[in-house]
1. Quickly rank 98-107, 180-189 as a protection proxy: mean count of other C-beta atoms within 10 Å, highest first.
2. For the stretch 70-86, just list the computed ³J(HN,Hα) in residue order, Karplus coefficients 6.51, -1.76 and 1.60, θ = phi - 60°, integers in Hz, with x standing in for Gly and Pro.
3. Give the share of C-alpha pairs in each 10 angstrom bin for the stretch 96-228, from 0 to the last occupied bin, in whole percents, shortest bins first.
4. Compute and list, largest first, the equivalent-ellipsoid semi-axes of the stretch 164-209 from the alpha carbon gyration tensor, each √(5λ) rounded to a whole angstrom.
5. Once amide H atoms are built 1.01 Å from N in the peptide plane, which residues 5 or more positions from Asp187, or in another chain, come under 5 Å H to H?
Amino acid sequence: MSEPRLSSLRWRVTVRRHPSAFLLAVQLLSLVLYPLFDEMRGGRVVFGAFGVLALALAVWVVNRSPAIKWIAWLLAVPAFGFSLLSVLFASESLLVLSSALEAAVYFYAAGSLIAYMMSDHRVTSDELFAAGATFTLLAWGFAYVFVVCQAWYPGSFTGALNPGQPRSWLELLSLSFTNLSAVGLGDVIPLGSTARVLVMLEQLAGVGYLAAVVSRLIGLTLLRHERR
């Protein structure tokens, strides 16, 4: 077997064995690259469309059920299409629609990974990567929800810089991360009733995720080491 084909085979095996690590790496890479494209028109949408495809592939690898694959693609394909159309036609309505669908994809993928981690009492390295990937999925999902909320209810969020202007995608993503992790740091705050409710729901989701999923993985890992 030639070296290129052997390398390709090794890459496919690695992705299949550690799909959660692949997903987490894609999310973190997108996060690092966002500042370079944040000021460009459609930069967030392009990265969002790329993220939707990566999510759909990750869900397909982790969950082998044809029904689950069908649902993932049913959400991902139109989200990808509307994202591209919103860039081509500079349409805010298409951007809101694509954001709603992308939020559904991220929440669906997060739920799939949580079910995957809770399915047995054995902790694998991929499940540890899944714990980190799920956190980023929830943060991205709520950020897209904030985008929809801001479009439907103008003035829902304000910040230290240009308080009267809509918050950028990166600002809403930063709010989502600080809110989900409960660190309480950031210069973006919710003002409207709907925005406040969404923020509270994300706080509840963050606390519940840490208490029910992360603590379980830590406990099972410690138990495994004690048995050894």
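No lab work stands behind these numbers, since they all come straight from the coordinates. None of these values were measured; they are calculated from a predicted model. FYI the Cβ positions are ideal-geometry reconstructions off the backbone, even for glycines, and counts take in every protein chain you see.
1. On the way: 98-107: 24.1, 180-189: 13.8.
Sorting 98-107, 180-189 by mean packing, highest first, produces 98-107, 180-189.
2. Whole-Hz 3J(HN,Hα) from phi for the stretch 70-86: 5, 5, 4, 5, 4, 7, 6, 5, x, 4, 5, x, 5, 4, 5, 5, 5.
3. 12, 40, 28, 14, 5, 1
4. Numbers: eigenvalues 64, 32, 13 Å².
The answer is 18, 13, 8 Å, longest axis first.
5. none
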